Amino acid sequence: MFNTDTAREKIFVSENARTVLNDWFDALQERDKRFGGVHVNGRAWRAELRRAEPPYGVMLCEGYHALMGQLGKQMALKDIDRLALALFVSVAVHAKSNNRSGKRSFAAQLGEEIKGRTCLSALRFDRLQQAEEPDVFCRQLIRAVKLRGAEGVNILSLADGIFLWAREWQAREEHQPENIDPFSRNKIRWANEYISTAK
């Protein structure tokens with residue numbers, strides 16, 4: 001039986017892994033914050049990550065490696081997850097806040113009305129959905145996150161969608177069949193969530 005709850009995370013199901021993501025993002029907002037048991041300058045991390053060429057440039061940054069190390073202790077990471085994490089980090093550093101209010105998914109937040117209009121227009125959402133290469137997908141996501149502005153984004157949901165997209169991208173590159181459960185496919189999940197809030 002298919003699980004039609006498209007807002008529920010599929011990759012980040014471990015509470016410990018979810019805590020690591022939230023703690024890492026929180027650390028980016030502070031000059032002196034504990035992350036992974038050590039004091040870090042999260043603002044310096046954020047500045048360095050924003051200057052790096054997305055998505056591959058962030059793989060050379062301390063903030064990326066700190067997150068990778070802590071996540072690896074909490075969940076089994078596949079090889080493709082290194083790229084997925086680089087995509088997530090490249091995008092998340094542009095988010096103003098971690099918006100978990102109402103537990104709305106990232107894609108649902110893109111369909112929300114902000115200042116009298118849909119946050120991400122249907123045309124831009126279609127462009128995001130049609131992205132087939134990691135660098136294009138990353139650029140489209142950064143634009144979307146910036147449009148959210150002070151409203152912020154659901155960091156856990158963003159990460160989950162990015163990891164799912166990266167795993168699906170790898171499967172396409174290797175000519176593997178799609179998941180038979182349509183509600184497990186990122187495009188369908190995001191479309192369902194976006195449409196649920198878009199006006």
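General observations
- In the stretch 93-106, the condition of being within 19 Å of residue 189 (Cβ to Cβ), buried (at least 18 other Cβ atoms within 10 Å of the Cβ), modelled with pLDDT under 95 and touching a strand residue (DSSP E or B) at 6+ places or on another chain (Cβ under 8 Å) is met by at least one residue.
- Subset of the stretch 129-142 [buried (at least 16 other Cβ atoms within 10 Å of the Cβ) and in contact (Cβ under 8 Å) with a residue 24 or more places away in the chain]: 129, 134, 137, 138, 139, 141, 142
- Qualifying residue in the stretch 80-98 (condition: part of a helix (DSSP H, G or I), closer than 16 Å to residue 156 by Cα and hydroxyl-bearing (Ser, Thr, Tyr)): yes
- Residue match in the stretch 88-104 (condition: among the aromatic types (Phe, Trp, Tyr) and without any contact (Cβ under 8 Å) to a residue 60 or more places away in the chain): no
- Within the stretch 48-74, being hydrophobic (A, V, I, L, M, F, W, C) and either surrounded by 14 or more Cβ atoms within 10 Å (Cβ to Cβ) or within 17 Å of the chain's Cα centre (by Cα) (or both) holds for 49, 52, 58, 59, 61, 66, 67, 68, 71.
- Looking across the stretch 171-186, just one residue is crowded, with 16+ Cβ neighbours inside 10 Å, assigned to a helix (DSSP H, G or I) and not small (Gly, Ala, Ser), and that is 186.
- Any hit, the stretch 9-31, residues being outside any helix (DSSP H, G or I), closer than 21 Å to residue 161 by Cβ and without any contact (Cβ under 8 Å) to a residue 24 or more places away in the chain: yes
- Contact map, the stretch 176-188: first residue within 17 Å of residue 106 (Cβ to Cβ), second residue hydroxyl-bearing (Ser, Thr, Tyr) and loosely packed, with under 15 Cβ neighbours inside 10 Å, Cβ cut-off under 6 Å, separation 6 or more or different chains; pairs are 183/4.
The values are calculated or read from the model by the stated rules, or taken from the named source; none is laboratory data. Just so it is clear, the model here is predicted, and its values are computed rather than measured. Here Cβ is always computed from backbone atoms with ideal geometry, including for glycine, and neighbour counts include all displayed protein chains.
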